[in-house]
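Chemist: This is the structure I want to talk about, given as C-alpha coordinates.
The values are calculated or read from the model by the stated rules, or taken from the named source; none is laboratory data. Because the structure is a prediction, the values reported are computed rather than measured. Glycine gets a Cβ as well: all are built from the backbone with ideal geometry, and neighbour counts include every protein chain shown. Protein only, heavy atoms only, side chains kept; ligands, DNA and RNA dropped before computing areas. Shrake-Rupley method; radii C 1.70, N 1.55, O 1.52, S 1.80 Å.
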Amino acid sequence: MILLNPGPVTLTKRVRDALAGPDLCHREPEFATLQAKVRAGLTGVYALDEATWATVLVSGSGTAAVEAMLISLVPGDGHLVTVENGVYGERLTRIARAHGIPVTPVRVEWGDTVDPDEVDAALASSAGPTAVAMVHHETTTGRLNEIEAIGERCRARGARLLLDGVSSFAGEAIEFERWGVDACAATANKCLHGAPGMAFVVCRRGLLDAPGRSVYLDLRGHLEAQEAHSTAFTPAVPALYSLAAALEELAEQGGWSRRHARYLEISEAVGTMLEAHGVRPWLAPGASSAVLRSYALPDGMDYATLHDELKARGFIIYAGQGELSRKLFRISPMGAIGDSDLARLQRAFDEILS
Ligand SMILES: *Cc1c(COP(=O)(O)O)cnc(C)c1O
(Lines give C-alpha, C1' and ligand atoms only; values in the text may rest on other atoms or scores of the structure.)
Protein backbone atom coordinates (compact mmCIF):
# COMPACT_ATOMS: atom_id res chain seq x y z
CA MET A 1 0.00 0.00 0.00
CA ILE A 2 1.33 3.46 -0.90
CA LEU A 3 0.26 6.26 1.46
CA LEU A 4 -0.54 9.50 -0.37
CA ASN A 5 -1.85 11.12 2.84
CA PRO A 6 0.28 13.81 4.53
CA GLY A 7 1.86 11.55 7.14
CA PRO A 8 2.38 8.99 8.39
CA VAL A 9 4.30 8.03 5.28
CA THR A 10 5.29 4.92 3.40
CA LEU A 11 8.65 3.98 4.97
CA THR A 12 11.68 2.71 3.13
CA LYS A 13 12.79 -0.80 4.12
CA ARG A 14 15.84 0.63 5.86
CA VAL A 15 13.79 2.99 8.02
CA ARG A 16 11.22 0.29 8.84
CA ASP A 17 13.95 -2.24 9.71
CA ALA A 18 15.52 0.32 12.04
CA LEU A 19 12.37 0.15 14.20
CA ALA A 20 13.44 -3.34 15.26
CA GLY A 21 16.81 -2.16 16.59
CA PRO A 22 18.27 -3.65 19.79
CA ASP A 23 16.53 -3.22 23.16
CA LEU A 24 18.05 -0.16 24.73
CA CYS A 25 17.90 1.38 28.19
CA HIS A 26 17.71 5.15 27.95
CA ARG A 27 20.13 5.52 30.86
CA GLU A 28 22.95 3.81 28.94
CA PRO A 29 25.62 5.61 26.88
CA GLU A 30 24.39 3.95 23.66
CA PHE A 31 21.14 5.86 24.04
CA ALA A 32 22.96 9.14 24.68
CA THR A 33 24.94 8.64 21.46
CA LEU A 34 21.78 7.92 19.45
CA GLN A 35 19.94 10.90 20.91
CA ALA A 36 22.86 13.28 20.33
CA LYS A 37 23.18 12.13 16.72
CA VAL A 38 19.48 12.67 16.01
CA ARG A 39 19.40 16.08 17.71
CA ALA A 40 22.44 17.27 15.75
CA GLY A 41 20.98 15.81 12.56
CA LEU A 42 17.72 17.72 13.02
CA THR A 43 19.47 21.02 13.78
CA GLY A 44 21.58 20.33 10.70
CA VAL A 45 18.67 19.83 8.26
CA TYR A 46 18.64 23.61 7.71
CA ALA A 47 22.36 23.97 8.54
CA LEU A 48 21.61 25.94 11.72
CA ASP A 49 24.48 26.89 14.00
CA GLU A 50 24.42 24.69 17.11
CA ALA A 51 25.79 27.56 19.19
CA THR A 52 22.56 29.48 18.52
CA TRP A 53 20.01 26.72 17.99
CA ALA A 54 19.04 23.57 19.88
CA THR A 55 16.71 20.75 18.96
CA VAL A 56 14.55 19.43 21.79
CA LEU A 57 13.04 15.96 21.27
CA VAL A 58 9.58 15.18 22.55
CA SER A 59 8.13 11.67 22.28
CA GLY A 60 4.64 12.05 20.86
CA SER A 61 2.90 13.21 17.70
CA GLY A 62 3.41 16.58 16.03
CA THR A 63 0.77 18.19 18.20
CA ALA A 64 2.80 17.32 21.32
CA ALA A 65 5.69 19.36 19.93
CA VAL A 66 3.41 22.25 18.94
CA GLU A 67 1.78 22.28 22.38
CA ALA A 68 5.17 22.06 24.13
CA MET A 69 6.42 24.98 22.03
CA LEU A 70 3.46 27.23 22.83
CA ILE A 71 3.27 26.54 26.54
CA SER A 72 7.04 26.75 27.02
CA LEU A 73 7.75 29.82 24.89
CA VAL A 74 4.88 32.17 25.56
CA PRO A 75 6.08 33.96 28.73
CA GLY A 76 3.99 33.49 31.88
CA ASP A 77 2.54 37.01 31.64
CA GLY A 78 2.51 36.93 27.86
CA HIS A 79 -0.12 37.26 25.15
CA LEU A 80 -0.32 35.08 22.05
CA VAL A 81 -1.52 36.09 18.58
CA THR A 82 -2.45 33.11 16.41
CA VAL A 83 -3.02 33.02 12.68
CA GLU A 84 -5.90 30.86 11.48
CA ASN A 85 -6.47 29.85 7.88
CA GLY A 86 -7.08 26.16 8.42
CA VAL A 87 -7.50 23.40 11.00
CA TYR A 88 -3.93 23.58 12.31
CA GLY A 89 -4.00 27.33 12.81
CA GLU A 90 -7.24 26.92 14.76
CA ARG A 91 -5.55 24.23 16.86
CA LEU A 92 -2.94 26.79 17.99
CA THR A 93 -5.74 28.88 19.46
CA ARG A 94 -7.30 25.80 21.12
CA ILE A 95 -3.97 24.93 22.74
CA ALA A 96 -3.54 28.45 24.10
CA ARG A 97 -7.08 28.47 25.50
CA ALA A 98 -6.62 25.03 27.09
CA HIS A 99 -3.67 26.43 29.05
CA GLY A 100 -5.28 29.75 29.92
CA ILE A 101 -2.90 31.74 27.72
CA PRO A 102 -4.54 35.01 26.59
CA VAL A 103 -4.90 34.69 22.82
CA THR A 104 -6.03 36.84 19.90
CA PRO A 105 -6.75 34.84 16.76
CA VAL A 106 -6.36 36.50 13.36
CA ARG A 107 -8.94 34.66 11.25
CA VAL A 108 -9.27 34.39 7.49
CA GLU A 109 -11.20 31.91 5.34
CA TRP A 110 -9.59 28.48 5.13
CA GLY A 111 -7.08 28.55 2.31
CA ASP A 112 -6.92 32.36 2.03
CA THR A 113 -3.74 34.40 2.44
CA VAL A 114 -2.96 36.21 5.68
CA ASP A 115 -2.46 39.99 5.75
CA PRO A 116 0.68 40.77 7.82
CA ASP A 117 -0.86 44.13 8.81
CA GLU A 118 -3.74 42.33 10.52
CA VAL A 119 -1.23 40.36 12.57
CA ASP A 120 0.56 43.61 13.34
CA ALA A 121 -2.69 45.22 14.51
CA ALA A 122 -3.38 42.26 16.81
CA LEU A 123 0.13 42.59 18.24
CA ALA A 124 -0.33 46.34 18.73
CA SER A 125 -3.47 45.80 20.81
CA SER A 126 -1.96 43.02 22.98
CA ALA A 127 -0.65 43.75 26.46
CA GLY A 128 2.65 42.50 27.88
CA PRO A 129 5.26 40.37 26.13
CA THR A 130 3.82 38.92 22.95
CA ALA A 131 4.34 36.03 20.62
CA VAL A 132 2.89 35.03 17.27
CA ALA A 133 2.14 31.39 16.51
CA MET A 134 1.36 30.35 12.96
CA VAL A 135 1.40 27.40 10.63
CA HIS A 136 3.96 27.40 7.85
CA HIS A 137 2.31 24.86 5.58
CA GLU A 138 -1.43 24.68 6.30
CA THR A 139 -2.11 21.02 5.56
CA THR A 140 -5.86 21.64 5.52
CA THR A 141 -5.63 23.13 2.04
CA GLY A 142 -2.00 22.87 0.95
CA ARG A 143 -1.40 26.60 1.25
CA LEU A 144 2.14 27.62 2.05
CA ASN A 145 1.86 30.69 4.28
CA GLU A 146 4.21 33.62 3.76
CA ILE A 147 6.27 34.00 6.91
CA GLU A 148 8.85 36.68 6.15
CA ALA A 149 6.60 39.77 6.29
CA ILE A 150 4.98 38.58 9.52
CA GLY A 151 8.45 37.86 10.93
CA GLU A 152 9.39 41.50 10.21
CA ARG A 153 6.35 42.75 12.16
CA CYS A 154 7.27 40.44 15.04
CA ARG A 155 10.82 41.72 15.15
CA ALA A 156 9.66 45.34 15.08
CA ARG A 157 7.43 44.68 18.10
CA GLY A 158 9.81 42.40 20.00
CA ALA A 159 7.40 39.47 19.66
CA ARG A 160 8.58 35.89 19.40
CA LEU A 161 7.66 33.99 16.22
CA LEU A 162 6.65 30.37 16.84
CA LEU A 163 6.16 28.24 13.75
CA ASP A 164 4.17 25.06 13.30
CA GLY A 165 6.43 23.51 10.69
CA VAL A 166 5.04 20.02 11.23
CA SER A 167 4.23 19.42 7.57
CA SER A 168 6.99 21.53 6.00
CA PHE A 169 10.16 20.69 7.95
CA ALA A 170 12.56 18.95 5.52
CA GLY A 171 10.19 19.48 2.57
CA GLU A 172 10.08 23.27 2.11
CA ALA A 173 12.51 26.15 2.57
CA ILE A 174 12.45 27.45 6.15
CA GLU A 175 14.65 30.53 6.52
CA PHE A 176 15.05 30.54 10.29
CA GLU A 177 17.36 33.55 10.51
CA ARG A 178 16.02 35.68 7.65
CA TRP A 179 12.38 35.26 8.67
CA GLY A 180 13.20 35.73 12.37
CA VAL A 181 11.80 32.37 13.48
CA ASP A 182 12.37 31.74 17.20
CA ALA A 183 11.11 28.16 17.35
CA CYS A 184 9.74 25.61 14.94
CA ALA A 185 7.83 22.47 15.92
CA ALA A 186 7.87 19.41 13.67
CA THR A 187 7.61 15.63 13.61
CA ALA A 188 9.51 12.56 12.43
CA ASN A 189 6.74 11.08 10.32
CA LYS A 190 6.04 13.71 7.69
CA CYS A 191 8.69 15.16 5.35
CA LEU A 192 11.49 13.48 7.32
CA HIS A 193 10.09 10.05 6.35
CA GLY A 194 10.51 8.48 9.80
CA ALA A 195 8.02 6.40 11.80
CA PRO A 196 5.43 8.10 14.05
CA GLY A 197 6.23 8.60 17.74
CA MET A 198 8.95 11.25 17.84
CA ALA A 199 8.45 15.00 17.53
CA PHE A 200 10.73 17.95 18.22
CA VAL A 201 11.14 21.70 18.51
CA VAL A 202 14.08 23.52 16.95
CA CYS A 203 14.51 26.49 19.22
CA ARG A 204 16.74 29.53 19.52
CA ARG A 205 18.92 29.06 22.58
CA GLY A 206 18.34 31.30 25.58
CA LEU A 207 14.56 31.54 25.20
CA LEU A 208 13.74 28.64 27.52
CA ASP A 209 14.46 30.60 30.65
CA ALA A 210 11.23 29.90 32.53
CA PRO A 211 9.51 26.64 33.41
CA GLY A 212 6.62 25.78 31.11
CA ARG A 213 3.00 25.30 32.10
CA SER A 214 3.28 21.51 31.97
CA VAL A 215 5.27 18.64 33.41
CA TYR A 216 5.56 16.37 30.38
CA LEU A 217 5.56 19.11 27.75
CA ASP A 218 7.98 21.47 29.49
CA LEU A 219 10.63 22.11 26.83
CA ARG A 220 13.10 23.60 29.29
CA GLY A 221 13.11 20.37 31.29
CA HIS A 222 13.58 18.32 28.14
CA LEU A 223 16.37 20.58 26.90
CA GLU A 224 18.28 20.50 30.20
CA ALA A 225 18.10 16.72 30.36
CA GLN A 226 19.03 16.25 26.70
CA GLU A 227 21.97 18.67 26.91
CA ALA A 228 23.19 16.60 29.84
CA HIS A 229 23.04 13.50 27.57
CA SER A 230 20.04 12.21 29.44
CA THR A 231 16.30 12.27 28.96
CA ALA A 232 13.51 13.59 31.17
CA PHE A 233 11.13 10.67 30.56
CA THR A 234 11.09 7.32 28.78
CA PRO A 235 11.54 8.12 25.09
CA ALA A 236 10.04 6.27 22.11
CA VAL A 237 13.31 4.46 21.33
CA PRO A 238 12.10 2.58 18.20
CA ALA A 239 10.84 5.86 16.72
CA LEU A 240 14.23 7.39 17.48
CA TYR A 241 16.05 4.53 15.72
CA SER A 242 13.87 5.03 12.68
CA LEU A 243 14.38 8.80 12.73
CA ALA A 244 18.16 8.28 12.83
CA ALA A 245 17.93 6.08 9.72
CA ALA A 246 15.59 8.56 8.03
CA LEU A 247 18.03 11.42 8.67
CA GLU A 248 20.87 9.37 7.16
CA GLU A 249 18.76 8.76 4.06
CA LEU A 250 17.80 12.43 3.80
CA ALA A 251 21.48 13.46 3.93
CA GLU A 252 22.47 10.79 1.38
CA GLN A 253 19.72 11.94 -0.97
CA GLY A 254 20.94 15.55 -0.91
CA GLY A 255 19.02 17.11 1.97
CA TRP A 256 15.76 19.02 2.15
CA SER A 257 16.17 20.88 -1.14
CA ARG A 258 16.50 17.65 -3.16
CA ARG A 259 13.50 16.25 -1.33
CA HIS A 260 11.56 19.43 -2.10
CA ALA A 261 12.46 19.06 -5.78
CA ARG A 262 11.27 15.43 -5.80
CA TYR A 263 7.99 16.43 -4.11
CA LEU A 264 7.45 19.09 -6.78
CA GLU A 265 8.12 16.54 -9.50
CA ILE A 266 5.57 14.10 -8.03
CA SER A 267 2.99 16.81 -7.32
CA GLU A 268 3.26 18.13 -10.90
CA ALA A 269 3.00 14.60 -12.31
CA VAL A 270 -0.12 13.86 -10.24
CA GLY A 271 -1.63 17.19 -11.28
CA THR A 272 -1.12 16.28 -14.94
CA MET A 273 -2.67 12.83 -14.43
CA LEU A 274 -5.76 14.40 -12.87
CA GLU A 275 -6.01 17.28 -15.31
CA ALA A 276 -6.40 14.73 -18.11
CA HIS A 277 -9.69 13.78 -16.44
CA GLY A 278 -10.81 17.35 -15.82
CA VAL A 279 -9.91 17.27 -12.10
CA ARG A 280 -8.66 20.70 -11.06
CA PRO A 281 -6.42 21.91 -8.23
CA TRP A 282 -8.24 23.68 -5.38
CA LEU A 283 -5.80 26.57 -4.98
CA ALA A 284 -4.45 28.93 -7.63
CA PRO A 285 -1.18 27.81 -9.24
CA GLY A 286 1.77 28.81 -7.07
CA ALA A 287 -0.19 28.99 -3.79
CA SER A 288 0.30 25.32 -2.93
CA SER A 289 3.27 23.79 -1.21
CA ALA A 290 5.22 21.00 -2.87
CA VAL A 291 4.20 18.84 0.09
CA LEU A 292 0.47 18.61 -0.55
CA ARG A 293 -2.07 19.53 -3.21
CA SER A 294 -5.84 19.74 -2.82
CA TYR A 295 -8.09 18.87 -5.77
CA ALA A 296 -11.78 19.46 -6.31
CA LEU A 297 -13.66 16.15 -6.25
CA PRO A 298 -14.54 15.01 -9.79
CA ASP A 299 -18.11 15.78 -10.90
CA GLY A 300 -20.51 13.07 -9.81
CA MET A 301 -18.04 11.25 -7.55
CA ASP A 302 -18.00 11.49 -3.76
CA TYR A 303 -14.86 11.16 -1.69
CA ALA A 304 -15.69 7.69 -0.33
CA THR A 305 -16.01 6.22 -3.81
CA LEU A 306 -12.75 7.75 -5.02
CA HIS A 307 -10.97 6.67 -1.85
CA ASP A 308 -12.25 3.09 -1.97
CA GLU A 309 -11.51 2.64 -5.67
CA LEU A 310 -7.95 3.88 -5.14
CA LYS A 311 -7.49 1.80 -2.00
CA ALA A 312 -8.52 -1.31 -3.93
CA ARG A 313 -5.63 -0.46 -6.29
CA GLY A 314 -3.08 0.10 -3.52
CA PHE A 315 -3.23 3.84 -2.81
CA ILE A 316 -4.49 5.82 0.19
CA ILE A 317 -5.60 9.40 -0.45
CA TYR A 318 -6.81 11.91 2.14
CA ALA A 319 -10.18 13.58 2.64
CA GLY A 320 -10.78 17.29 3.06
CA GLN A 321 -11.34 18.45 6.67
CA GLY A 322 -14.60 19.85 8.03
CA GLU A 323 -16.71 21.65 5.43
CA LEU A 324 -14.14 20.84 2.77
CA SER A 325 -14.72 17.08 3.07
CA ARG A 326 -17.51 17.22 0.49
CA LYS A 327 -15.56 19.41 -1.88
CA LEU A 328 -11.98 18.26 -2.14
CA PHE A 329 -9.45 15.49 -1.68
CA ARG A 330 -5.75 15.75 -0.92
CA ILE A 331 -2.64 14.06 -2.23
CA SER A 332 0.81 14.29 -0.69
CA PRO A 333 4.09 13.10 -2.25
CA MET A 334 5.67 12.48 1.20
CA GLY A 335 7.31 9.13 1.80
CA ALA A 336 8.94 6.41 -0.27
CA ILE A 337 7.16 6.82 -3.62
CA GLY A 338 8.97 5.61 -6.73
CA ASP A 339 8.40 6.14 -10.44
CA SER A 340 6.82 2.69 -10.77
CA ASP A 341 4.30 3.66 -8.07
CA LEU A 342 3.44 6.76 -10.09
CA ALA A 343 2.92 4.65 -13.22
CA ARG A 344 0.51 2.43 -11.27
CA LEU A 345 -1.25 5.53 -9.92
CA GLN A 346 -1.70 6.82 -13.45
CA ARG A 347 -3.35 3.53 -14.48
CA ALA A 348 -5.57 3.62 -11.38
CA PHE A 349 -6.81 7.15 -12.16
CA ASP A 350 -7.38 6.23 -15.80
CA GLU A 351 -9.52 3.24 -14.78
CA ILE A 352 -11.49 5.07 -12.11
CA LEU A 353 -12.04 8.43 -13.78
CA SER A 354 -12.65 7.55 -17.44
C1 LIG B 1 0.11 16.85 10.90
C2 LIG B 1 0.12 18.23 11.40
C3 LIG B 1 0.16 18.53 12.79
C4 LIG B 1 0.21 17.53 13.89
O5 LIG B 1 -0.49 16.38 13.72
P6 LIG B 1 -0.24 15.10 14.64
O7 LIG B 1 -1.39 14.24 14.22
O8 LIG B 1 -0.32 15.50 16.05
O9 LIG B 1 1.09 14.53 14.28
C10 LIG B 1 0.26 19.85 13.16
N11 LIG B 1 0.31 20.82 12.27
C12 LIG B 1 0.31 20.58 10.93
C13 LIG B 1 0.42 21.74 10.00
C14 LIG B 1 0.20 19.28 10.47
O15 LIG B 1 0.19 19.03 9.15
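Chemist: Of everything in the range 84-97 that's aliphatic (A, V, I, L, M) and within 12 Å of the ligand (Cβ to nearest atom), which residue is surrounded by the most Cβ atoms within 10 Å (Cβ to Cβ)?
Modeler: Going through the qualifying residues, I end up with Leu92.
Chemist: Is there a residue being open to solvent by 10 Å² or more (accessible area, probe 1.4 Å), touching a strand residue (DSSP E or B) at 6+ places or on another chain (Cβ under 7 Å), under 17 Å from Pro211 (Cα atoms) and away from the ligand (no atom under 11 Å from the Cβ) anywhere in the range 131-138?
Modeler: Within the range 131-138, not a single residue is open to solvent by 10 Å² or more (accessible area, probe 1.4 Å), touching a strand residue (DSSP E or B) at 6+ places or on another chain (Cβ under 7 Å), under 17 Å from Pro211 (Cα atoms) and away from the ligand (no atom under 11 Å from the Cβ).
Chemist: Here's a follow-up. Please state which one of Ala210, Ala173 is open to solvent by 30 Å² or more (accessible area, probe 1.4 Å), assigned to a loop (DSSP other than H, G, I, E, B) and modelled with pLDDT under 95.
Modeler: Ala210
Chemist: Regarding the range 101-110, can at least one residue be identified that is open to solvent by 70 Å² or more (accessible area, probe 1.4 Å), within 16 Å of the ligand (Cβ to nearest atom), in contact (Cβ under 8 Å) with a residue 12 or more places away in the chain and not polar (S, T, N, Q)?
Modeler: yes
Chemist: Look at the range 341-354 and say how many of its residues are open to solvent by 30 Å² or more (accessible area, probe 1.4 Å) and either assigned to a loop (DSSP other than H, G, I, E, B) or of a type outside the set (A, V, I, L, M) (or both).
Modeler: Residues in the range 341-354 being open to solvent by 30 Å² or more (accessible area, probe 1.4 Å) and either assigned to a loop (DSSP other than H, G, I, E, B) or of a type outside the set (A, V, I, L, M) (or both): 6 in total.
Chemist: Taking only pairs six or more apart or across chains, which ones have beta-carbon atoms under 6 Å, a first residue in the range 320-334 that is free of Cβ contacts under 8 Å to residues at least 40 places away in the same chain, and a second residue that is aromatic (Phe, Trp, Tyr) and buried (at least 20 other Cβ atoms within 10 Å of the Cβ)?
Modeler: Phe329/Tyr295
Chemist: Using the structure shown, decide if Ser72 is modelled with pLDDT of 95 or more, among the hydroxyl-bearing types (Ser, Thr, Tyr) and surrounded by fewer than 20 Cβ atoms within 10 Å (Cβ to Cβ).
Modeler: Taking the combined requirement at face value, the residue does not satisfy it.
Chemist: I'd like to check which helices (runs of 4 or more DSSP H) are fully inside the range 1-103 and have at least 3 residues that are in contact with a strand residue (DSSP E or B) (Cβ under 8 Å, 6 or more places away or on another chain).
Modeler: Qualifying helices (runs of 4 or more DSSP H): 29-44, 62-73, 87-98.
Chemist: If a residue has to be crowded, with 20+ Cβ neighbours inside 10 Å and either not hydrophobic (A, V, I, L, M, F, W, C) or not in a helix (DSSP H, G or I) (or both) to count, how many in the range 298-316 make the cut?
Modeler: Going through the range 298-316 one residue at a time, the tally reaches 1.
Chemist: Restricting attention to the range 239-292, and to residues there that are under 16 Å from Val9 (Cβ atoms) and polar (S, T, N, Q), which single residue is modelled with the lowest pLDDT?
Modeler: For the range 239-292, the residue satisfying everything is Ser289.
Chemist: Of the residues Ala236, Ala199, which is among the small types (Gly, Ala, Ser), within 16 Å of the ligand (Cβ to nearest atom), surrounded by 22 or more Cβ atoms within 10 Å (Cβ to Cβ) and under 21 Å from Pro8 (Cβ atoms)?
Modeler: Checking each option against the conditions leaves just Ala199.
Chemist: Looking at this structure, is Glu28 over 21 Å from Gly180 (Cβ atoms), within 16 Å of the ligand (Cβ to nearest atom) and open to solvent by 30 Å² or more (accessible area, probe 1.4 Å)?
Modeler: no
Chemist: Among the numbered criteria (1) open to solvent by 80 Å² or more (accessible area, probe 1.4 Å); (2) within 16 Å of the ligand (Cβ to nearest atom); (3) small (Gly, Ala, Ser), which one does Gly7 miss?
Modeler: Failing condition for Gly7: (1).
Chemist: Which residue is farthest from the chain's Cα centre (by Cα), if the candidates are limited to the range 326-340 and must be modelled with pLDDT of 95 or more and surrounded by fewer than 17 Cβ atoms within 10 Å (Cβ to Cβ)?
Modeler: So, considering only residues that are modelled with pLDDT of 95 or more and surrounded by fewer than 17 Cβ atoms within 10 Å (Cβ to Cβ), the one farthest from the chain's Cα centre (by Cα) is Ser340.
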